[in-house]
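The block underneath contains the structure these notes are about, expressed in structure tokens.
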Amino acid sequence: MEKSYVSVFLLLVAISCALAAKDAGKKETKETKETTVKPKLPQTLSRGWGDQLIWTQTYEEALFRAKHSNKPLMIIHHLDDCPHSQALKKAFAESKDIQKLAEQFVLLNLVYETTDKNLSPDGQYVPRILFIDPSLTVRADITGRYSNRLYAYEPSDISLLYSNMQKAQKLLKTEL
């Protein structure tokens, strides 16, 4: 009688081990498929706006760096799923002139709103780009071409954005 219990017990152990190994093989195959189909790249602070540029992580860090490095701060408000933001990001990242000039700025891109109401003087829309000088003043005189969305830019406005970046640099040298 004992032999039959031991035999049944060993049979059940063998079956459960075989089933567990089979399930583990399926999981490995599933994980391998997902990895080969969609490799996850590490998220960088640039979020695609210029991987070679140095970006700050938080608004507070950006303000600190702008003040202590005596560089203007450029803040880009955008959303990952906004087609207008994606189009502007592509134009921004592909413009060699913009990328080169951006090295002279403290850079921050935000996919969320901050508690600082100075960063949404005319509303919370995306994409919008604001410039802040090292005295931590939002430059209301450096705007885009739209009267209802002062800080909005489109891909066709890339030359205006470049000009405004130059303006932020010039004002920095003449005013501070």
Among (1) assigned to a helix (DSSP H, G or I); (2) at pLDDT below 90; (3) surrounded by 11 or more Cβ atoms within 10 Å (Cβ to Cβ) - the single one Arg65 does not satisfy = (2)
Are any of the residues in the range 137-146 surrounded by 19 or more Cβ atoms within 10 Å (Cβ to Cβ) and either hydroxyl-bearing (Ser, Thr, Tyr) or over 20 Å from Glu61 (Cα atoms) (or both)?
-> yes
Could you tell me whether the range 37-52 includes any residue that is open to solvent by 20 Å² or more (accessible area, probe 1.4 Å) and at pLDDT 95 or above?
-> no
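Scanning the range 94-115 for residues that are open to solvent by 40 Å² or more (accessible area, probe 1.4 Å) and either in a helix (DSSP H, G or I) or of a type in the set (D, E, K, R) (or both), which turns out farthest from Met165 (Cα to Cα)?
Glu113
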Here the residues within the range 70-93 that are of a type in the set (Gly, Ala, Ser), surrounded by 16 or more Cβ atoms within 10 Å (Cβ to Cβ) and in contact (Cβ under 8 Å) with a residue 60 or more places away in the chain are Ala91
Of the residues in the range 74-111, those that are in contact with a strand residue (DSSP E or B) (Cβ under 9 Å, 6 or more places away or on another chain) and either farther than 19 Å from Thr44 by Cα or of a type in the set (Ser, Thr, Tyr) (or both) number 2
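The values are calculated or read from the model by the stated rules, or taken from the named source; none is laboratory data. Nothing here was measured: the structure is a model prediction, and the numbers come from that model. Using ideal geometry, Cβ is built from the backbone for each residue, glycine included, and neighbour counts are taken over all protein chains shown. All accessible areas refer to the heavy atoms of the entire protein, side chains included, with ligands and DNA or RNA removed. Shrake-Rupley method; radii C 1.70, N 1.55, O 1.52, S 1.80 Å.
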